[in-house]
Amino acid sequence: MKTFSIILRRSRWNIALLLVLAGAGGVMAIASSYYLHDVEHDNRLAVGQLRETEEKLTHVRDERQEILRKLALYRDIAARGYVGEESRRDWVEQIRKIRVKRKFLDIRYELSMPQSQPIAGKVGSELIASNMKLHMQLLHEGDLLNFLDDLRLSVPAYLRIRSCNVERLSSIDNYPAQLKAECSIDWMTWRVKGVKSVREASQT
């Protein structure tokens, strides 16, 4: 017993040191656990913020692409002369030129009064549409297609074909034409406040 007591007395500092180290290890383990939890929490926040930033960046890029697309579309519409006031004199002149060029037998038409419609989200902008009733005598169907193609390429307006009816003429009427066509066509322009048509601007 004496020997054990002596050994215990001599080893008390070692035992105390072991207990201190064990306690310190436990504290460090607990501290490490809390630190790891905080790091994981901060990491989740950082990942979430990064994902949110990436989503915002993607949204900005998409908006930029949409703006560029609309700008290109507007420039194309303006270059074709679709922006500005109606140019009815120009329309009539182009029809006359096409008739002479293609040597059409007969072309008659009536233009309605223009109808305006505001464009949603575009302050100071409106769509102007004038309907034309077209009557033609044709040698063959290709005459009508050629006329419409020439018209689209030459007039400062967007043409929307509502309907076209083609009928064969009776041979007993002794007409030089073989067919007659009746079409309903909308002539559409985009009126923007303070913006002239391309042709008007070139003449000023």
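The values are calculated or read from the model by the stated rules, or taken from the named source; none is laboratory data. Quick caveat, the model's predicted, so the values are computed rather than measured. Cβ placement follows ideal geometry from the backbone for every residue including glycine, while neighbour counts extend to all protein chains displayed.
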Restricting segment 39-98 to residues that are among the polar types (S, T, N, Q) and either touching a Gly at 6+ places or on another chain (Cβ under 6 Å) or in a helix (DSSP H, G or I) (or both), the one modelled with the lowest pLDDT turns out to be Asn43
Tell me, yes or no, whether segment 173-183 has at least one residue that is at pLDDT below 90 and in a helix (DSSP H, G or I). yes
The correct count of residues that are exposed (fewer than 13 other Cβ atoms within 10 Å of the Cβ) and at pLDDT 90 or above in segment 161-172 is 5
